[in-house]
Every structure is written in structure tokens, then in C-alpha cells.
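All remarks here apply to the structure that follows.
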Amino acid sequence: MSEIDEAVPPGRVVGALEVLLQTPPFLRSPKLARFLRFVVEEELAGRGATIKAYTIATQALGRGPDFDPSLDPSVRVEAGRLRRALEDVYARHAGGIDVRLAIPVGGYRPRFIALDAAPALAEMAPDPDPDPEPDDVPPPVMVRQRPTGGISPRGETMIIALLAGILLVLCIDLALTVSARFAPDPAPTRELAVRRQ
């Protein structure tokens, strides 16, 4: 599918949104579906300038009014997951979708791009052999997907710091235990000496 640079009618955008929401990545994750629906509907309603991390968190993801996007990266994380889900849908399940919905990196406002249903290369391709031999069938194209799981570098740093802190506490506890065992018995206090008399 090739992209066409033109204004996309809202009806086509809504149709594409409804098809997208019925694909596996969005059926598996209602949170991503709410995120996508919210940003698309806000943009179509003319409120695209108000699409910020706070509004997404409080109006689409169910966070409370005390949500602070500078302390909580959950909207950025979900936006990354949403971008990957959209890439997956357009790579695997794009049949019947004639508009590309994209969330550019660095923001949350969606872009709508009309897709040409018939790729330009198909026009130049020769007619396929009506009765292909088994050897003539091309092998399936394997698309390697980026792994969606894993830990971010920031997460790795936090885990290392946490483990270092636990190790430090264990070392201090061990040192106190060892020093208590090998310390000489304290001299009897004066009170005990008075009782003995």
C-alpha cells in the first residue's frame, strides 16, 4: 500500500478506527483500544491541541486527577505500545483498512494518511501464471518483528540500584552479627556488682 498525501474525510478515519479496534492487538488490550479511540476522537472533534499525557491518563486510562506525567511515565509507555501495535496491524492485518492512523514519536496527536488500496507495483507486475508449478510459488515473506517485551535502560538501572541496596543492607547485617558474636563479654555493670554484695 502506498501513502497518499491528502486530507482524509472524518468518516474514513472513523471506519479505519473501527476496523483497527477489531484486530488482535487491540482486542487483547482494551487499554490500548481506549487510548487509540480517545486520541482519534479528540482530534476529529477539533481538540487535538489538548491531547496531552495528563488528559490521556485521566480521560482514557482511568487515572485520578492527581496524575503527574513528570513523575509517572505510564502514558509514554502506553504510547510506545500503541505505536508498536499500529505497526503490527498495518504489517499483518491491513486488509480493509484504507487509512493509516499514526501517533508520531514526541507527541500524542494522531495523523491520518490515506492509503492507496492497490500498490503501484502491482500495475507493473506481469500477469501471474494461472497454473503455477509448486516450484514456482515464491516462499512466504518472513517479517521479523521487534520484541515488544524487555526492560528499558532506565529500568535496568533501577533494578541494579535496588540489588546494590539490598546487598549493602545484607553486608551491614552480616558485619553487625559477626561483631556481636566475637565481641568480648561486657564487664558487669556497677548495679550487678552492688546486688552481689
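The values are calculated or read from the model by the stated rules, or taken from the named source; none is laboratory data. Fair warning: this is a prediction, and the values are worked out from it, not measured in the lab. Neighbour counts run over all protein chains shown; Cβ positions are idealised from the backbone, glycine included. When the accessible area is computed, the model is the full protein with side chains, heavy atoms only, and any ligands, DNA or RNA have been set aside. Shrake-Rupley method; radii C 1.70, N 1.55, O 1.52, S 1.80 Å.
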request  = Scan the helices (runs of 4 or more DSSP H) fully inside segment 1-93 and keep the ones with 1 or more residues being in contact (Cβ under 8 Å) with a residue 24 or more places away in the chain, closer than 30 Å to R154 by Cβ and open to solvent by 80 Å² or more (accessible area, probe 1.4 Å).
outcome  = 30-44, 74-92
request  = Check whether at least one residue in segment 152-171 is in a loop (DSSP other than H, G, I, E, B), touching an Asp or Glu at 6+ places or on another chain (Cβ under 9 Å), at pLDDT 50 or above and not basic (K, R), and report yes or no.
outcome  = no
